[in-house]
1. Can you pull out the residues in segment 1-33 that are crowded, with 20+ Cβ neighbours inside 10 Å, part of a helix (DSSP H, G or I) and touching a Gly at 6+ places or on another chain (Cβ under 9 Å)?
2. Looking at Ala119, Ala154, Ala144, can you tell me which residue is in contact (Cβ under 8 Å) with a residue 24 or more places away in the chain, in contact with a Ser or Thr (Cβ under 9 Å, 6 or more places away or on another chain) and within 21 Å of His83 (Cα to Cα)?
3. Could you go through segment 62-71 and let me know if any residue there is of a type in the set (D, E, K, R), closer than 17 Å to Phe6 by Cα and either in contact (Cβ under 8 Å) with a residue 40 or more places away in the chain or assigned to a helix (DSSP H, G or I) (or both).
4. Sort through Val44, Val59, Val28 and tell me the only one that's over 19 Å from Ser110 (Cα atoms) and either touching a Ser or Thr at 6+ places or on another chain (Cβ under 7 Å) or touching a residue at least 12 places away in the same chain (Cβ under 8 Å) (or both).
5. Could you identify the single residue in Asp34, Asp67, Asp25 that is farther than 17 Å from His134 by Cβ and of a type in the set (Asp, Glu)?
6. If you take the residues of segment 86-104 that are polar (S, T, N, Q) and outside any strand (DSSP E or B), which of them is nearest to Pro136 (Cα to Cα)?
7. Report yes if His83 is assigned to a loop (DSSP other than H, G, I, E, B), over 30 Å from Ser127 (Cα atoms) and under 17 Å from the mean Cα position of the chain (by Cα), otherwise no.
8. How many residues are touching a Leu at 6+ places or on another chain (Cβ under 9 Å), of a type outside the set (A, V, I, L, M) and under 23 Å from Glu64 (Cα atoms) if we restrict to segment 112-159?
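Just so it is clear, none of the values below were taken in a lab; they were calculated from the coordinates. The structure presented is a predicted model; accordingly, all values stated were derived computationally and were not measured. Every residue, glycine as well, gets a Cβ built from its backbone with ideal geometry; the counts of neighbours run over all protein chains shown.
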Amino acid sequence: MKLLLFSDLHCDASSAEKLVEAARDVDVVIGAGDFGNSRRRLNVCLDVLQAITCPAVLVPGNNESYDELVAGCSGWKSAHVLHGSGVTINGVSFFGIGGGVPVTPFGDWSFDFSEEQAAELLADCPSGGILVSHSPPRGFVDVASNKKHLGSRAVLAAIEQVHPALVVCGHIHGSAGQQAMIGSTTVINAGPMGIRRDF
C-alpha cells in the first residue's frame, strides 16, 4: 500500500495543490489535522484536496473541530474523518484522534483534549494498524521551536499498549518531517510538504 502523509497545511492552498498532484499514484492519503487557522478558512485547503480520488483518512487538528472537518468534507466522497473511531481500507486498520493533546495554551478557540479525555478516545485503537493522531506522542517528534517536548502522554501510552505499525502525526511544527521509533512502531510527524511511504 502506497501512502501519502501530511499535516498542518494551515490554509496553504499551494501546498494542498502539490499534495493533489502527489496523490495521483498512491493508494491512501493521510491528513493529520490543521487544515484551517483558528477555526476559520477551513475550506481554503479542503476545496483543493477534494480533487483527491483515492481514499483519504483525516483527523481534525486543534485549528478545526471534528464537526467542522466533517462539514468541510461533505462533498469529498473518498474522505474518512476519524476522531476516536476507525476505518478499514484494503484490509488495513486506521484509527484516528484529533485535537491538541494535552490542552494547548491558545485559548477557547482551540479544539483540545486533556490526557484523560484522549485516553478514552484511544481506548478502541487496534493493534498492528495505522494510528493517525494530530498530536505526537510525548518524547518523540514533539520538540517545538522552544526545545520543549509538547507531545501527549496518552498517545504514547496507546502506542506502547497496542503497537500500531505506523503513527502519523503533526501539530508540533518544529519537528515536521521527522520520524522516530517506539519499539517496532514508526512515528512520523508529517508536516505540510507530504511524505511518501510504503506500508
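1. Leu19, Ala23
2. The match here is Ala154.
3. Yes, there is a match, as at least one residue in segment 62-71 is of a type in the set (D, E, K, R), closer than 17 Å to Phe6 by Cα and either in contact (Cβ under 8 Å) with a residue 40 or more places away in the chain or assigned to a helix (DSSP H, G or I) (or both).
4. Just one listed residue meets the conditions, Val28.
5. Asp25
6. Only one residue fits best here, namely Thr104.
7. Criteria not met by His83.
8. Final tally of qualifying residues: 8.
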